[in-house]
Each structure stands twice: as structure tokens, then as C-alpha cells.
Amino acid sequence: MNQKKRKGVVFDLDGTLLDSYHEGARRFFAVADSLGLPISEDIVIRMKEIWGLPGGAIVQTCWPEISVATFMDAWETFDSNHPILLFSGIQELIRQLSCHMVLSILTGRGRSTHFQLQCNNIEHFFSFVCTLDDSPVAKPHTKSIEPLIRQYACCDIAPEHLVFVGDSIHSDYNLARALNMDFIAITWGQNTRDDFLKAGLGEQYIVDSREDLLRLISNFTADQVLER
């Protein structure tokens, strides 16, 4: 990682802040069932292998017979009415970071994003929230983060002054790596420590607890010291 002071943090949402890795898959199957789609053992295995890809890609892989728009509309409607809990300690971590840094979210969710943030009482901590509705493409395409880059530029924060925090190699780490953006991997979501090490991320940038995440981001910040 470079040695420039960090001024902003871009967070992934699902599996990083929201405890939605297993819950999200369960909801996908619930929506599939409500639409009369088959849920075979092969589909369950396939889902586990590709979970973390954009929702549309998962639908096309598991149920190519249905319109992606139809499925995703049903899923967003379901998710916009059923809260998912944050991981323990996340709300306090976000509160502390927001006192000293400009926080944002980059997610593959659509309209349900704001409902989930509001239900967990953390939306006000984020200066910018970029959902799939705000971007023409999903992660890990480099254009997926452009709306956030433009918003940070209005605050005189350049991409090299950002650090990306996520749980997925495919969606998060690959995007950060393509942009040469600093990245911190968390291990309580989709991918494990070993997964990130095999993908080439340095061990010092992989954290196993919210406390370690706060400490590592604190080391990237400017002259201010975060509360302990």
C-alpha cells in the first residue's frame, strides 16, 4: 500500500456491514420459491459457488428460464420490507470513523439499500451511497465506482486517498486491484483469510475483527486519532 494519508473509506455492504451472506442466499431461495422456480440440490451447490456475483448474474446462472428483471424486482421488494442485522460492533465502528473520514458505500443492491441502512440507523453516517441503481454496471467493473469517485472529487478527495473495505475477492478486491486502490479484506463475510492470501493480498491487510479493522484504518488516517 502507498503511504499517503487516507481521507475516505468505501465500504461494501453485504457480508461486510450487513450479516447477509447466509441470510441473503436464504432470501434468494425464498423469492425463487414464491415465483415457482425449482430449487434442486444442484442449484443450491451452484448458488454457493457463485454467491457474491451481482444478483442478475446469479439468476441467469441458476434460473435462466425467468426474466432477470422479474426476479430482481421481487427480491428488492422482499428485501425492502425485511431488515437484515448488522454484524456486531459495526454501528459503533462506523460512528467513530465518520467523525474523521468521509464514508461511502458501494453495493450491488438496488433500492433495498436505503431501507437496510435506515433500519439499522447508520445511513446518516455515510456521505455517499452508490447502489446498482446509481451505476450503469456492477462490481467488479471499474465503471461501477465512478459515481463515488465524482462525489469524492467534489470534496477534494482523490482516489488515491481512499481505502476500500470488502469481503469478496471477486466483487471487491478485484475492483480495488484494477484501480490500484488500497484494500482491506474482512474475514467475517464471503471469503476467508486463506482465500485472500491465495489471491495475492498481503496478510497485514486482512482483518478478523471489527477492532482490528478500526485499528488498521486508523493507521491510514491523517493527524487525527480515532477514539478507542
Among beta bridges that DSSP assigns inside the chain, antiparallel share in %, nearest 5:
5
Among 85, 157, 114, flag the residue with its Cα farthest along the positive direction of the charge dipole of the stretch 67-157, charges on Cβ as +1 for Lys/Arg and -1 for Asp/Glu.
157
Any chance you could look up the accessible area of residue 160 with a 1.4 Å probe, heavy atoms only, rounded to 10 Å²?
80
Label points 7 Å out from Cα along the Cβ direction at residue 133 and residue 49: separation in nm?
3.4
Segment residue 25-residue 211, extension gain: residue separation times 0.36 nm, minus the distance between their alpha carbons:
64.2 nm
Subtracting the Cα-Cα distance from 0.36 nm times the residue separation, let me have the gained length for residue 95 to residue 141 in nm, one decimal.
13.6 nm
Expressed in square angstrom to the nearest 10, the accessible area of residue 61 with a 1.4 Å probe stands at 60
To the nearest 10 square angstrom, what accessible area does residue 98 show with a 1.4 Å probe?
40
Surface per residue (accessible, 1.4 Å probe) for the stretch 144-228, Å²
48
Kindly provide the helix-only [θ] at 222 nm of the chain, computed as the sum of -39,500 (n - 2.57) over DSSP H runs of four or more divided by all residues, to the nearest 500 deg cm²/dmol?
-11500 deg cm²/dmol
Heavy atoms only, probe 1.4 angstrom, no DNA, RNA or ligands counted: give me 63, 188 ranked by accessible area, highest first.
188, 63
So with the 1.4 Å probe, I'd like the accessible area per residue for the stretch 95-140, rounded to whole Å².
38
Contact order relative to length of the chain, as percent, for alpha carbon pairs under 8 angstrom and 6 or more apart:
26
Portion, in percent, of the accessible area of the chain that falls on carbon or sulfur, probe 1.4 Å:
51
What accessible area per residue, rounded to a whole number of Å², is obtained for the stretch 1-73 using a probe radius of 1.4 Å?
49
Ranked order, 155, 130 - accessible area, probe 1.4 Å, largest first:
155, 130
Run through the stretch 68-138 and list the chymotrypsin sites (Phe, Trp or Tyr not before Pro) located in a DSSP loop whose Cβ has at most 14 other Cβ atoms within 10 Å.
none
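The values are calculated or read from the model by the stated rules, or taken from the named source; none is laboratory data. Source: prediction; values computed, not measured. Counting neighbours? That spans all protein chains shown, and the Cβs are built from the backbone with ideal geometry, glycine included. Protein only, heavy atoms only, side chains kept; ligands, DNA and RNA dropped before computing areas. Shrake-Rupley method; radii C 1.70, N 1.55, O 1.52, S 1.80 Å.
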